[in-house]
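The block underneath contains the structure these notes are about, expressed in structure tokens.
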Amino acid sequence: MTSRRIASGIPGLDPLIEGGLLDDSVNLVTGETGTGKTIFSLQFIWNGLRKGDSGIYITLEERPEDIKADAMMFGWDFEKFEQKGLCKIIYHDPAQVNNLGSIIIDEIKTLKAKRLVIDSTSLIGLNIQEPSRIRKLLLNIINIIKKTGCTALLVSEIPEEQKALSRFGVEEFVVDGIIILNYLEYASGELNRSLIVRKMRRTNHGTDIYPMEIGKDGVHIRRVDD
Ligand SMILES: Nc1ncnc2c1ncn2[C@@H]1O[C@H](COP(=O)(O)OP(=O)(O)OP(=O)(O)O)[C@@H](O)[C@H]1O
Ligand SMILES: [Mg+2]
């Protein structure tokens, strides 16, 4: 049986993952600061809106106004879709995460959302002391998302110079897919971005380090002969 695929919205990525993200899957988009996680995730929601999939973007960090202004730089007018009730960019206070799961369920139901982003899960444990409580909460939220029928991207930060794939070390084991964004800065000042598909369940995915660029239309995977 072939699984239904959801276009990622990132030019050049879908051919590397058998046509797109798995329908209903939860995927981690992880990387150090400034690697393009937020732009990547916004582009995923934007692509859905253009195809008729309503989408929710939950930010625990930046103000929705700032996110929308950043998106407009790429020509993505989220406000227009918000006004039509097809999209919502929501700020959620990272100090109040106990009700995040129920808010996700309510918002998805109201919007009949097909795509969801949480940016970022690394902030979920910000004000919680015990690691076991953070893990439990995160697992609970991921399990809730899995039952909603949404295809989701969870943004996660990798602390600089660490080998881990996520802040709390639990997310990577329960998600269906992991995309790692990297950059290398050369002494010349040249910046080389890249993308790795670290895991994608039920998918024969590419295993290279793929050169990536952020241009005027957002993120794309560079063809080798570019
Ligand atoms: N219009 C643009 N053209 C090219 N590159 C851009 C443009 N806008 C932003 N960038 C690049 O994207 C980076 C920011 O990307 P983004 O905010 O998605 O990163 P992030 O991984 O979410 O970072 P953080 O960990 O701080 O949240 C900038 O530092 C810059 O290098
Ligand atoms: Mg970000």
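The table below gives the values:
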item	result
Strands (runs of 3 or more DSSP E) within region 1-91 that include 3 or more residues within 25 Å of Ile221 (Cα to Cα)	26-31, 55-59
Residue check for Asn192: away from ligand 2 (no atom under 16 Å from the Cβ), assigned to a strand (DSSP E or B), at pLDDT 90 or above and out of contact with any Lys or Arg (no Cβ under 8 Å at 6 or more places or on another chain)	yes
Residue count, region 113-127 (criterion: within 11 Å of ligand 2 (Cβ to nearest atom) and open to solvent by 10 Å² or more (accessible area, probe 1.4 Å))	1
Residue within region 20-32 that is touching a strand residue (DSSP E or B) at 6+ places or on another chain (Cβ under 9 Å), open to solvent by 10 Å² or more (accessible area, probe 1.4 Å) and either away from ligand 1 (no atom under 13 Å from the Cβ) or farther than 20 Å from Asn182 by Cα (or both) present	yes
Matching residues in region 1-22 - criterion: being at pLDDT below 95 and charged (D, E, K, R)	Arg4
Where a residue in region 1-26 is basic (Lys, Arg) and its partner, wherever it lies, is open to solvent by less than 10 Å² (accessible area, probe 1.4 Å) and not in a loop (DSSP other than H, G, I, E, B), with Cβ under 9 Å and at least six apart	Arg4/Leu22; Arg5/Ile17; Arg5/Leu21; Arg5/Leu22
Cβ pairs under 7 Å, 6+ apart, first in region 39-60 and within 16 Å of ligand 2 (Cβ to nearest atom), second assigned to a strand (DSSP E or B) and basic (Lys, Arg)	Phe44/Arg115; Ile45/Arg115
Residues (within 12 Å of ligand 1 (Cβ to nearest atom) and over 22 Å from Gly169 (Cβ atoms)) located in region 45-68	Thr59, Glu62, Asp66, Ile67
Gly85 being buried (at least 16 other Cβ atoms within 10 Å of the Cβ) and on the phi > 0 side of the Ramachandran plot	no
Only listed residue being touching a strand residue (DSSP E or B) at 6+ places or on another chain (Cβ under 7 Å), in contact (Cβ under 8 Å) with a residue 40 or more places away in the chain, within 24 Å of Pro15 (Cα to Cα) and within 16 Å of ligand 1 (Cβ to nearest atom), chosen from Val175, Val219, Val197	Val219
Test: residue in region 210-222 that is over 19 Å from Gln43 (Cβ atoms) and either in contact with a Gly (Cβ under 8 Å, 6 or more places away or on another chain) or in a loop (DSSP other than H, G, I, E, B) (or both)	no
Residue in region 108-126 that is part of a loop (DSSP other than H, G, I, E, B) and basic (Lys, Arg) present	yes
Hey, Lys146 in a helix (DSSP H, G or I) and not aliphatic (A, V, I, L, M) or not	yes
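The values are calculated or read from the model by the stated rules, or taken from the named source; none is laboratory data. Please read all numbers here as calculations on a predicted model, not as lab measurements. All Cβ positions, even for glycine, are placed from backbone atoms using ideal geometry, and neighbour counts span all protein chains on display. Accessible surface areas use protein heavy atoms only, side chains included; no ligands, DNA or RNA. Shrake-Rupley method; radii C 1.70, N 1.55, O 1.52, S 1.80 Å.
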